[in-house]
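Just below is one structure, and these are the notes that go with it.
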Amino acid sequence: MESAVWGLLGTLVGASASIVASLITSRSSVRLQANAASRELLDKHRAMQMQTLLELQEAVNKEMRAAAKANIADEMEFRRSGEWTRPLLGEALNQENFEAGRRTAFLVERVADDALRAQVNATRESCTAVLLARSRSAADVALKQMTERGMKAQQDLGVVLRRLYASPPSE
């Protein structure tokens with residue numbers, strides 16, 4: 001009888017140890033899967049931010065260039081008429097300004113960095129100020145401000161991009 005009891009106890013202890021080992025293994029497996037999923041999500045977010053910032057660099061440049069072209073059109077009209085009027089932009093230039101501004105507006109909202117988003121929005125405000133200038137001097141001031149803000153935005157975009165490039169993907 002005694003050997004049967006010991007056999008039963010051995011079986012119970014072995015089964016209990018096996019169950020505990022299985023629980024520990026499954027918990028570790030679940031934790032590892034959750035960590036892997038979290039890392040994958042972070043990597044996707046990082047890749048999306050990098051792509052957005054690269055596209056935003058181009059979009060900011062195009063919006064500034066479109067505003068500068070509109071300013072040149074205003075300047076040419078000023079030289080022709082002697083008055084700073086805001087003639088309607090040609091259809092192509094108007095469309096270029098619209099598309100450039102729309103693209104930048106969409107992209108800037110995807111940027112995770114609040115300071116960078118604010119800098120790009122300040123540049124966009126300056127582009128609008130160039131388009132809406134009511135005098136030659138106001139246009140010159142707005143154009144200078146747009147250039148300064150745009151250069152700062154491009155520098156800040158580069159800093160954030162380099163930071164993302166420098167951080168290794170999750171392993």
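Rounded to whole Å, give me the distance from the Cα center of the stretch 101-126 to that of the stretch 55-74.
First find each Cα centre; the distance between them is then 14 Å.
At most 10 other Cβ atoms within 10 Å and a DSSP loop assignment: could you name the GluC sites (Glu not before Pro) in the stretch 22-83 that fit? If you can, show how the numbers build up before the last one.
Numbers: sites: Glu40, Glu55, Glu58, Glu63, Glu75, Glu77, Glu83; in loops: Glu83.
Those that pass, being in a loop and sparsely packed, are Glu83.
Evaluate Rg over Rh across the chain, taking Cα atoms for both radii and Kirkwood's formula for Rh. Working shown, then result.
On the way: Rg = 30.6 Å, Rh = 20.4 Å.
With Rh from the inverse mean 1/r over Cα pairs, Rg/Rh is 1.50.
What are the residues whose amide H is under 5 Å from the amide H of Arg110, where those residues sit 5 or more places off or on another chain and H is modelled from the backbone?
Here the answer is none, since no amide H 5 or more places off falls under 5 Å of that of Arg110.
Expressed as a whole number of Å, what is the distance separating the alpha-carbon centroids of the stretch 129-157 and the stretch 14-48?
Measuring centre to centre over Cα atoms gives 52 Å.
Quick one: compute a quarter of the convex hull surface over the Cα atoms of the stretch 1-42 and quote it in nm². Write out the running numbers ahead of the final one.
Working: hull surface 8.7 nm².
Computed as one quarter of the Cα hull surface, the answer is 2.2 nm².
Mind checking the dipole of the stretch 56-171: about its Cα centre, +1 per Lys or Arg Cβ, -1 per Asp or Glu Cβ, Debye to the nearest 20? Before the final figure, lay out each step's value.
Numbers: 18 positive and 17 negative charges, 35 e Å.
The dipole of the stretch 56-171 has a size of about 160 debye.
For each of Ser18, Ser126, count neighbouring Cβ atoms within 10 Å of the residue's Cβ, then give the residues from fewest to most.
Ser18, Ser126
Whole-Hz Karplus ³J(HN,Hα) for the stretch 23-40, in order, using 6.51 cos²θ - 1.76 cosθ + 1.60 and θ = phi - 60°, x for Gly and Pro?
Values, residue by residue: 4, 4, 5, 5, 5, 5, 5, 5, 5, 5, 5, 5, 5, 5, 5, 5, 5, 5 Hz.
Just to confirm the filter: which trypsin sites (Lys or Arg not before Pro) across the stretch 105-157 are DSSP coil and have at most 15 other Cβ within 10 angstrom of their Cβ? Numbers along the way, then the final one.
Numbers: sites: Arg110, Arg117, Arg124, Arg134, Arg136, Lys144, Arg149, Lys152; in loops: Arg110, Arg134.
Listed in order of number, the matching sites are Arg110, Arg134.
Express the relative contact order of the chain as a whole percentage, based on alpha carbon pairs under 8 Å and six or more residues apart in sequence. Don't jump to the answer; show the numbers that get you there.
Numbers: 126 pairs, mean separation 45.4, N = 171.
Relative contact order here is 27 percent.
Given the rule -39500 (n - 2.57) for each run of at least 4 DSSP H residues, summed and divided by the residues of the chain, what is its mean residue ellipticity at 222 nm, to the nearest 500 deg cm²/dmol?
Numbers: 4 runs with 148 residues, N = 171.
It lands at -32000 deg cm²/dmol.
Work out from phi, with θ = phi - 60° and the Karplus expression 6.51 cos²θ - 1.76 cosθ + 1.60, the ³J(HN,Hα) of each residue of the stretch 95-104, listed in order in whole Hz, and give x for Gly and Pro.
Residue by residue, the stretch 95-104 yields 5, 4, 5, 4, 5, 5, x, 5, 4, 5 Hz.
With θ set to phi - 60°, apply the Karplus curve 6.51 cos²θ - 1.76 cosθ + 1.60 along the stretch 79-84 and write out the HN-Hα couplings as whole Hz, x wherever there is a Gly or Pro.
Each residue's phi maps through the Karplus curve to give 5, 6, 9, x, 10, 8 Hz.
Taken together, the values in this text are just the output of simple stated rules run on the coordinates, not laboratory data. Since the model is a prediction, treat every value here as computed from it, not as a measurement. Ideal geometry is used to build each Cβ from the backbone, glycine not excepted, and the neighbour counts take in all protein chains shown.
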